[in-house]
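First up is the structure itself, then whatever we jot down about it.
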Amino acid sequence: MLIGELAQQAGTSTRTLRYYEQHGLVRARRSTNGYRVYDEAELPVVRKIRTLLESGFDLDEIRPFVTCLRAGNSSGDDCPDSVAVLRRKLDEVDDALIRLTALRAELDRRLAGVERPTPACEFA
């Protein structure tokens, strides 16, 4: 399929597909007229890339999932390298939740100490 067809089916742009290809995540071959031609197998790869990017993964973190899909696994999550990335990302989320919980507690503490804004603090 041509780049426009893949972009439409994957719900992305041709520019994005070229970007993924530039980073070695998506594969295309060139036709005799120089057009990019994609195998049908690239569609689930592009969909997985988009899903992972939307979930906060960066391109380097996505590579193991693409490799796993290319090895014939159905989800890309099944391979040891993918599992390792998922665990690292979960640890990052847990750390962020701890920081956000502490920040929330600090903000609650500060607000609890404020009875009422003084007239000098109110906006006109």
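The values are calculated or read from the model by the stated rules, or taken from the named source; none is laboratory data. Predicted model, so just to flag it, every value in this text is computed and none were measured. Note that each Cβ is placed from the backbone with ideal geometry, even for glycine, and that neighbours are counted across all protein chains shown.
Some notes on this structure:
- The set of residues in the range 45-57 that are assigned to a helix (DSSP H, G or I) and either more than 16 Å from residue 26 (Cβ to Cβ) or at pLDDT below 95 (or both) contains only 54.
- When the range 63-85 is filtered for residues that are outside any helix (DSSP H, G or I) and not hydroxyl-bearing (Ser, Thr, Tyr), the ones remaining, listed by number, are 71, 72, 73, 76, 77, 78, 79.
- Summed over the range 5-22, the residues that are among the polar types (S, T, N, Q), surrounded by 14 or more Cβ atoms within 10 Å (Cβ to Cβ) and in a helix (DSSP H, G or I) give a count of 3.
- Test for residue 30: is it of a type in the set (D, E, K, R), touching a Gly at 6+ places or on another chain (Cβ under 8 Å) and surrounded by fewer than 17 Cβ atoms within 10 Å (Cβ to Cβ): no
- Filter result for residue 60 (part of a helix (DSSP H, G or I), out of contact with any Leu (no Cβ under 6 Å at 6 or more places or on another chain), free of Cβ contacts under 8 Å to residues at least 60 places away in the same chain and farther than 17 Å from residue 1 by Cα): yes
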